[in-house]
1. Going by the structure shown, is Arg387 open to solvent by 60 Å² or more (accessible area, probe 1.4 Å), among the basic types (Lys, Arg) and in a strand (DSSP E or B)?
2. Could you list, in sequence order, the residues of the stretch 183-195 that are of a type outside the set (Lys, Arg), surrounded by 11 or more Cβ atoms within 10 Å (Cβ to Cβ) and either without any contact (Cβ under 8 Å) to a residue 12 or more places away in the chain or under 23 Å from His126 (Cβ atoms) (or both)?
3. With farther than 23 Å from Arg264 by Cβ and either surrounded by fewer than 19 Cβ atoms within 10 Å (Cβ to Cβ) or modelled with pLDDT under 80 (or both) as the only criterion, which of Gly400, Gly450 stands out?
4. Within the stretch 77-101, how many residues are charged (D, E, K, R) and crowded, with 17+ Cβ neighbours inside 10 Å?
5. Given the options Gln185, Gln160, name the one that is touching a Lys or Arg at 6+ places or on another chain (Cβ under 9 Å) and either closer than 24 Å to Lys302 by Cα or of a type in the set (A, V, I, L, M, F, W, C) (or both).
6. When you scan the stretch 317-347, how many residues do you find that are of a type outside the set (Lys, Arg), at pLDDT below 85 and out of contact with any Phe, Trp or Tyr (no Cβ under 7 Å at 6 or more places or on another chain)?
7. Report, by residue number, each residue of the stretch 51-76 that is modelled with pLDDT under 90, out of contact with any strand residue (DSSP E or B) (no Cβ under 7 Å at 6 or more places or on another chain) and open to solvent by 30 Å² or more (accessible area, probe 1.4 Å).
8. Taking the stretch 214-230 on its own, how many of its residues are part of a strand (DSSP E or B) and among the polar types (S, T, N, Q)?
Amino acid sequence: ADYSGDPGPHFEVSQIAASLPPQLQGRPEAHTFARQGILPEIQRMWRSFDSTLLLWQYLEGSGAEVLEYRGVTQQIVGVTVARPKDFVTGVDYFLVIATPVEVSLHALCFAPDGSGRLLPPARTQHAVATDDVVVSAMASDPATGRIFLGGVDGCIHELQYFDDESRWLGRPRKCRRAIVNWNLQAQLPTILRRASEAIFGRAEGIEQLLVDNERGLLLSLTSDSSITVFQLPRWRVVNGRLQEPGLTQICCISPTTIANDIARARAQLFPDLAYVPGRTSSVTSSMTSPMPAASATRAAVKVVKLLTLERAQGGSIVACAVAEDGTRVFLRGVPRQTTTATAMVATMAPPPGDGAQAQEAERPSIISVASHHIRFLDPSRHPVRVRDAVRVGSATLLVGRMSGDDVVVAISSDLRAVAQRQSRGRCPWLSPPTGFSEHLEVLRLGGGVGVEPGQANQ
């Protein structure tokens, strides 16, 4: 993409906390293991020191109260929140805490005065053993409350809990870990598994799980950048109880496929621009020493994050894969009926009404996922090394390093305009755009926020 010096800023930092609260800034003298993350559903940042969990309401700034919780005895390796299932009452959310030996549910309730203050969590009897497999990723379905766990062994499980008793807190409950996706190495006995790991190497672990409730999809990202897509079947009510069928694997996109798609798009957009991973190249140098297309195809691609796209904004584009160099690969779901534009419109139409039942009734069925279009950053101007990414409204934020500084690359986008332009008019349900541009700004963190405006046109 080409970048111009269009004056900005096009993005504003609405709130800056001078620093983290003192409780979150580290306790090196007493603790050796720390993890952290964001829980946007409850507007909290979490940070753990060994088995101690701290929850901070980040919207209130560094002066907000920090809630400390000691509900487990092992080191905390992951935390997420899940909506309680319909048979659970008196609970706003479940706090899902993973340790090396178990995954447990803890009841979360907000204060009844409407202040948004969290009451102290309460541990429930819902817990499952991990069989000494560290949980590396977790996700939940906001419509049904289903909880999915990804392990370093490359397997995906579902944490299932049931309403077998009249009271759910204080007495044992039926809870189990059901398999969703597995590999042969993980099923071997310990001795054979260790021998297999020594000969063939360890299986690629799960780095991210992502639920797309609108389309009924579960996406997984492994450490070698493989992307697997599962269909969440429609739930049904049998004898007055909610039944949750097992997931169905739709497809798996290998890192080689992603690398080939990126190389092909790069060759079409920049036929004279050589791309060498790990090195900033210029148009002038590429013209004198072009890289063969076959070499670009073999270039390794590291996907660091998957981002879901709302159906109202992305249409048939279900997700965006963000690579370490800032390249974004937009993935399109291929529906079962693709012969007419009417079938495509049906997959894009928002569900009538609201509620989980309406959403389930209108979930589209797809048979595969493929690259639809690809966006690049200019490596000569923005040689960023992306570590994480997030979508906020219609903007994409890339967090990484650039020229030795921690930066946030903010990018605005209009996905329907992108699809119409790059499909060369093969998207009749989208009105042709008058033009398309992406505004890009680099916000440097630490010692103030500097802004480098730019505009990408393609």
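1. Values: open to solvent by 60 Å² or more (accessible area, probe 1.4 Å): yes; among the basic types (Lys, Arg): yes; in a strand (DSSP E or B): yes.
Yes; evaluated as a whole, the condition is true for this residue.
2. As a first pass, look at the stretch 183-195 and keep what is of a type outside the set (Lys, Arg): 183-192, 195.
From the residues that got through so far, the ones that are surrounded by 11 or more Cβ atoms within 10 Å (Cβ to Cβ) too are 183, 185-188, 192, 195.
Result: Gln187, Leu188, Leu192, Ala195.
3. Numbers: Gly400 fails: either surrounded by fewer than 19 Cβ atoms within 10 Å (Cβ to Cβ) or modelled with pLDDT under 80 (or both).
Just one listed residue meets the conditions, Gly450.
4. Qualifying residue count, the stretch 77-101: 2.
5. Details: Gln160 fails: either closer than 24 Å to Lys302 by Cα or of a type in the set (A, V, I, L, M, F, W, C) (or both).
Going through Gln185, Gln160 in turn, the sole match is Gln185.
6. Of all residues in the stretch 317-347, those of a type outside the set (Lys, Arg) come to 317-327, 329-331, 333-335, 337-347.
Okay, now just the ones that are also at pLDDT below 85, so 335, 337-347.
Keeping just the survivors that are out of contact with any Phe, Trp or Tyr (no Cβ under 7 Å at 6 or more places or on another chain) gives 335, 337-340, 342-343, 346-347.
The number of residues fulfilling the criteria is 9.
7. Leu59, Glu60, Ser62, Gly63, Glu65
8. Of all residues in the stretch 214-230, those part of a strand (DSSP E or B) come to 217-222, 227-230.
Subset that is among the polar types (S, T, N, Q): 220, 222, 228.
Within the stretch 214-230, residues that are part of a strand (DSSP E or B) and among the polar types (S, T, N, Q) number 3.
The values are calculated or read from the model by the stated rules, or taken from the named source; none is laboratory data. Just so it is clear, the structure is predicted and the values come from calculations on it, not from any experiment. Every residue, glycine as well, gets a Cβ built from its backbone with ideal geometry; the counts of neighbours run over all protein chains shown. Heavy atoms of the whole protein, side chains included, go into the accessibility calculation; ligands, DNA and RNA do not. Shrake-Rupley method; radii C 1.70, N 1.55, O 1.52, S 1.80 Å.
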